[in-house]
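See structure below.
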Amino acid sequence: MMENEHSQTKSPFATEQVGRLIARFAIPCVISLLVNSLYNIVDQIFIGWGVGYLGNGATNVVFPITIVALALSLMIGDGGAAYLSLKLGEKDVENARRGVGNAIAMVVLVSVVLTAVFLVFLDPVLTLFGATDMLRPYALEYGVCHRPGVALHDDPSGCQCHDPRRRQPQICHDVHGAGCSHQYGV
């Protein structure tokens, strides 16, 4: 108990300036976003060289599916992280465990449902996102291969939790399912 009180008084969230905290936590986030954007740019270059402009067009028509899935996953994961922080702050470990477990289960469920829906209704969804008759064969092929892979990406993205007790940004993109709850000792 004494150790927990001691660590709370030394928490940078209680002692450091807000500007310094924003820089400390925002810089790793910005770097990860830049790396992800660079990956997408390089990917488009190689698709353009290998398949041509129709390949680039097809990936751009399929990309909103990824954004929808990622947005839902991050929404659930961020809500789970906030709930985790609140419950750990209240020292309610049991409800923290339950909340993290529910968030993980919900991310997996939403990911599986979105994958099924998008695979079953891929053709009309691609039409909605602007697929032309020339792009459709490429977009269908890419979408069928791409969507199950996005489901694997949704799970860890929805598990981006930060444990404020660690006093540093915590990246857990690579942490799946129970690994997230194990990381926090919940």
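The values are calculated or read from the model by the stated rules, or taken from the named source; none is laboratory data. Quantities reported herein were computed from a predicted structural model and do not represent experimental measurements. Don't worry about glycine lacking a Cβ; one is built from the backbone with ideal geometry, like all the others, and counts go over all protein chains shown.
Sort out for me the helices (runs of 4 or more DSSP H) sitting completely within the range 102-186 that have 1 or more residues that are among the aliphatic types (A, V, I, L, M), closer than 28 Å to Phe25 by Cβ and modelled with pLDDT under 90. Correct list: 136-157, 178-183.
Surrounded by fewer than 17 Cβ atoms within 10 Å (Cβ to Cβ) and within 20 Å of Asn56 (Cα to Cα) - does that describe any residue in the range 106-124? For the range 106-124, residues surrounded by fewer than 17 Cβ atoms within 10 Å (Cβ to Cβ) and within 20 Å of Asn56 (Cα to Cα): present. Exactly one residue among Glu16, Glu5 is out of contact with any Pro (no Cβ under 9 Å at 6 or more places or on another chain), within 30 Å of Val93 (Cα to Cα) and at pLDDT 80 or above, and that residue is Glu16. Lys87 satisfies every condition listed in (1) out of contact with any helix residue (DSSP H, G or I) (no Cβ under 7 Å at 6 or more places or on another chain); (2) farther than 30 Å from Leu135 by Cβ; (3) charged (D, E, K, R); (4) at pLDDT 80 or above except (1). When the test is whether a residue is surrounded by fewer than 16 Cβ atoms within 10 Å (Cβ to Cβ), aliphatic (A, V, I, L, M), in contact (Cβ under 8 Å) with a residue 40 or more places away in the chain and under 25 Å from Val144 (Cα atoms), Val42 does not pass it.
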